[in-house]
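The values are calculated or read from the model by the stated rules, or taken from the named source; none is laboratory data. None of these values were measured; they are calculated from a predicted model. Methodologically, a virtual Cβ is constructed for each residue, glycine included, from the backbone with ideal geometry; neighbour enumeration extends over all protein chains shown.
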Amino acid sequence: MLEHFRIPEDIAIKVDATNLRSMTKDVFLKVGMSNSDAALATDVLLSADLKGDETHGVSNMLRAYVRMFNEGILNPLAKESIVRETPATAVLDGDQGLGIVTCPKAMKIAIQKAKNVGVGMVTIKNSGHAGMMGYHALLAAEEDMIGVAYTSGGNSMIPTWGSEAKLGTNPIAFAAPGNKEAPFCYDAANTAIAGNKIGLANRLGVELMAGWVANPDGSPDMSGTTMAQSFQSSALGGERMQLPLGSTRELGSHKGYGLGVMVDIMCGLLSGAEGYANASPTRRSHYVAAYNIEAFVSLDEFKNDMDGMLQGLRETKPAPGHDRVVYAGMIEAEQEKERIEKGIPLHPEVLDWFKQICAEFSIEYRLD
């Protein structure tokens, strides 16, 4: 997480992770989810908060999920079903359940298939928002496999040289286990900035940096002076749009754009999900895969080699102005240890929302 999005120390309120977990689960139970699904959904959100990924933790997503359940967009008692299957693949119909529940279940199917035949791949349709995609990829890494997770949906990214939003942020996650080193876990949107980070910037009252978003006519906003509060996202019916990773063609926006299309194909077209032929803004689908390392190489050899590679990256000589070099997943592992011990920092506005929803749902507020 860039310092740009961190809650200032003088206003951050640290809450106990155990209390936050129990209250979050209570909220999911109140919207009608089963005990097991509420616990799973809570684990996905809390994992994001513990790792420092506030964009996909309780701060942003819990209130959005409550709204979607209340509006009937999501099914709290969804019954997932496999509608097409081979020994290595499956298509899962999520019954319009919450994606942070559907995707872990799909990854478990992929992991079992990978144990049986070496690889397992599952596409998911009729499923809601999938949260932090790294969570799902790490499920495979915890089983000594390589995990991959994609999610696609909505229209917020403009194609390179385009003036209309045609793709979602379409993040990609990839996780691989080490031995002594923390797992490598890459998890990033294919837009210049993740959509939910704009929400964080809005809460903090900070500007959007040059090259993050487009002007209403599709040209890159390179001013660096646009306030987040004034950004009316096209995903929410506004006119402003997000730029692909790379921001401009000269800086490589065609790469973020191309990867975004790839994610749409793997998630949407490969699952038969509705809305992909005409880029409907309501479309949403996911893809998860597990690769059994033992099917390719000795597990011990792989994990030891991973340690060597990751250690080599850590020990890279830092550039001026920097104390160290890190790899994807390293800071998140450090944050998790610290936040379990010292608490999760939340913005006062988030605590105000919790007080409001607890009063509305008759839940005991226990974050003080």
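Listed here are the residues, each with its yes/no results for (1) closer than 19 Å to A295 by Cα; (2) at pLDDT 95 or above; (3) part of a strand (DSSP E or B); (4) among the hydroxyl-bearing types (S, T, Y).
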site: N126; (1), (2), (3), (4): no, yes, yes, no
site: G134; (1), (2), (3), (4): no, yes, no, no
site: Y150; (1), (2), (3), (4): no, yes, yes, yes
site: G178; (1), (2), (3), (4): yes, yes, no, no
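For region 3-32, the set of residues classified as of a type in the set (A, V, I, L, M, F, W, C), touching a residue at least 60 places away in the same chain (Cβ under 8 Å) and out of contact with any Leu (no Cβ under 6 Å at 6 or more places or on another chain) consists of I7, I11, A12, A17, L20, M23, V27, listed by residue number. The criterion of being in a loop (DSSP other than H, G, I, E, B), in contact (Cβ under 8 Å) with a residue 12 or more places away in the chain and under 25 Å from A201 (Cβ atoms) holds for L367. Here I331 meets the list (1) surrounded by 16 or more Cβ atoms within 10 Å (Cβ to Cβ); (2) hydrophobic (A, V, I, L, M, F, W, C); (3) modelled with pLDDT of 95 or more; (4) part of a helix (DSSP H, G or I) almost entirely, failing just condition (1). Considering region 281-303, the residues that are touching a residue at least 24 places away in the same chain (Cβ under 8 Å) and of a type in the set (S, T, N, Q) include one that is nearest to P171 (Cα to Cα), namely S285.
Scanning region 248-281 for residues that are of a type in the set (V, I, T) and more than 18 Å from the chain's Cα centre (by Cα), we see that the one that is nearest to T102 (Cα to Cα) is I265. Whether any residue in region 83-97 is without any contact (Cβ under 8 Å) to a residue 40 or more places away in the chain, over 16 Å from A290 (Cβ atoms) and hydrophobic (A, V, I, L, M, F, W, C) is what I want to check. Checked region 83-97: at least one residue is without any contact (Cβ under 8 Å) to a residue 40 or more places away in the chain, over 16 Å from A290 (Cβ atoms) and hydrophobic (A, V, I, L, M, F, W, C). Selection of region 152-193 for residues being more than 14 Å from the chain's Cα centre (by Cα), buried (at least 20 other Cβ atoms within 10 Å of the Cβ), small (G, A, S) and more than 30 Å from K303 (Cα to Cα) yields G154, S156, A165, A192. Filtering region 12-60 to residues that are aliphatic (A, V, I, L, M), in a helix (DSSP H, G or I) and at pLDDT below 95 leaves only V58.
For the criterion of being of a type in the set (K, R) and assigned to a strand (DSSP E or B), R84 passes. The set of residues from region 252-293 being of a type in the set (V, I, T) and assigned to a loop (DSSP other than H, G, I, E, B) comprises just one member, T282.
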